[in-house]
Amino acid sequence: MQTSAPGIASPLTTCDVLVIGGGPAGSAISALLAEKGWDVHVLEKDRHPRFHIGESLLPHSLPILERLGVLPEVEKIGIAKYGAEIVSPYHGRSRTLYFSKALDGSQPYSYEVKRAEFDKILIDNAVSKGVRVHEGVRAKRVEFRHDSTHLVQAEDRTGHTIDYEAKFVVDASGRDTFLSGQFGGKYRNPSHNSAAVFGHFEGVKRLPGKDEGNISIVWFDHGWWWIIPFKDGTTSVGAVCWPSYISTRKVPLEQFLWDTIALCAPVAERMTKATLIGQAYAAANYSYRRSTMRGDGYLMVGDAFAFIDPVFSSGVHLALNSAALGADVVDAYLRKSPAYQRSAQEFERTVRLGVKTYSWFIYHFTQPAFRNLFMSEGSKFKMEEAILSILAGDAFGKSPTRLPIFLFKIAYYLVYLFNFRENWTAFQRRTRGVPETVTTLKDYAIHDRR
């Protein structure tokens, strides 16, 4: 509701929970809190539908989508994804890893979706549950008041100031990292930085039969590629490249994308008849995280807390999981439940575990030692099944993956040492130029197409 407040010129909107950001994390946590009876408002700087990457969902996200009540709608817009094709030009072959062979085979498939459609489903679902969404409104600052409500100053696209008063604030602002901008405390990974160059295409060659909807991940000398097919016949194709390669760009972004495609034969072969739909895009993929993710009256979910390279399609999965866990934390806080501290600690432990689990694989994914192990046929000590569990999204300790993953890491380091010179050279090449700020390049951001 809106009331007048002394000293504040604009009307004051009061609510139980104010969520900053209407992406997957913000939409999910707001819907779950509304189901629990809380008055929830969402501030979203853009308007849905909006273009976004992160289009390949993980199987263990489906139970959360079912809990939200949106799984039937997601099934309508998605193409089934049963696994991941890993292509290695260095080995001259590819192999497909199927989710059904994971330690927990209960989630054998997922979906590839266009994020504009997927995110719209999630935000509309929140609205249907009573959440009030304010699009085109950007949060500017929060005044946290001890043992009281908190004041949030926002601004619409006309520059008009809007003020909100909330009992709890959730930062789901994604890579805008809203509260980190106010508090500080965000730090970048000192050894991992990259940029993605990508677009949507028509005419990309697809995998046959049941594998048609599988994501393809292709290694090449400057990083790795994704090929993600959509239900309407179009395909998302992008390269995640190291700073040393990105810094060589002297041509327009679209030409740079086509030139980069030409450097990777397996990708170029699938795109001999492809045409770009609209424009090419680019975005910095530097990894970061915060030292803290919660405090008195606030919580950070999804990329607002941490962001890691998207090679394992973990972004949306981590966002949905942190939102589902975070909703219980916020509910316990507002009810002054004695279970609040335990719930908050479990939230933090689980979210950090998920980020840590994916981070190790991501930071070693392009090393020759990793490629050699990944392309090895057969499984020993259930290592392959454990890795498939991680790829499927089972990264929070639910399945007994700890010992097999530990053994895989030992095998990795042994292979690394056996071919030390090759692996050390690859590491240096990947990290060369990492301290450079890729985002200073103006077109290295997702452009607003409206």
Rounded to the nearest 20 Debye, what is the dipole magnitude of the chain about its Cα centre when Lys and Arg each give +1 and Asp and Glu each give -1 at the C-beta?
-> 980 debye
Counting Lys +1, Arg +1, Asp -1, Glu -1, what net charge surrounds residue 76 among other residues with beta carbon under 11 Å of its beta carbon?
-> -2
Lys, Arg +1 and Asp, Glu -1 on Cβ, resulting dipole of segment 194-331 about Cα centre, debye, nearest 20 = 260 debye
12, 417 arranged by Cβ crowding within 10 Å, fewest neighbours leading = 417, 12
Semi-axes of segment 143-290 from the Cα gyration tensor (sqrt of 5 times each eigenvalue, largest first, whole Å) come to 39, 19, 16
Rounded to the nearest 5, the percent of DSSP beta bridges in the chain running antiparallel is 70 percent
In the chain, taking the dipole from +1 charges on Lys and Arg beta carbons and -1 charges on Asp and Glu beta carbons about the Cα centre, the listed residue (416, 329, 70) farthest towards the positive end is 416
Ranked 227, 20, 387, criterion: other C-beta atoms within 10 Å, fewest first = 387, 227, 20
So which trypsin sites (Lys or Arg not before Pro) in segment 289-342 pass both tests, a DSSP loop state and at most 10 other Cβ atoms within 10 Å of the Cβ?
-> 336
Measure nothing fancy, just the Cα-based angle from helix 340-364's long axis to the longest principal axis of the chain, in degrees from 0 to 90, nearest 10.
-> 30 degrees
Cβ-Cβ cut-off under 9 Å around residue 177, Lys and Arg +1, Asp and Glu -1: the net charge is 0
In deg cm²/dmol, rounded to 500, what helix-only [θ] at 222 nm does the chain give when every DSSP H run of at least 4 residues adds -39500 (n - 2.57) and the total is split over its residues?
-> -10500 deg cm²/dmol
Counting pairs on different chains as well as pairs 8 or more places apart, how many Lys pairs in segment 27-180 have Cα atoms under 17 Å apart?
-> 9
Determine the distance separating the Cα centre of segment 338-391 from the Cα centre of segment 163-241; give it in Å without decimals.
-> 18 Å
Options [x] 22.0, 71; [y] 22.9, 91; [z] 21.3, 67 - which one matches Rg and Dmax of the Cα atoms in Å as calculated here | [x]
Scattering curve values for segment 138-179, log₁₀ I(q)/I(0), Debye with Cα scatterers, q = 0.18, 0.32 Å⁻¹ = -0.53, -1.14
Please compute the net charge surrounding residue 335, taking Lys and Arg as +1 and Asp and Glu as -1 over other residues with Cβ under 13 Å from its Cβ.
-> 0
Whole-Å distance, taken between Cα centres, linking segment 274-316 and segment 62-118 = 19 Å
Which aspartates and glutamates have a Cα less than 20 Å from the Cα of residue 336, not counting those fewer than 8 places away in the same chain?
-> 16, 35, 39, 147, 165, 296, 328, 346, 348
Considering only 118, 361, 406, give the residue with the highest GNM mean-square fluctuation for the chain, with springs between Cα atoms whenever their separation is below 10 Å.
-> 406
Candidates 252, 266, 63; GNM for the chain (alpha-carbon contacts under 10 Å) flags as most fluctuating 252
Under a 10 Å cutoff between Cα atoms, tell me which one of 423, 193, 214 has the largest fluctuation in the Gaussian network model of the chain.
-> 423
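Any read-out appearing in this document is the output of simple, stated calculations on the displayed coordinates, not a laboratory observation. This one's a predicted model, so the numbers in the text were calculated from it and none came from an experiment. Counting neighbours? That spans all protein chains shown, and the Cβs are built from the backbone with ideal geometry, glycine included.
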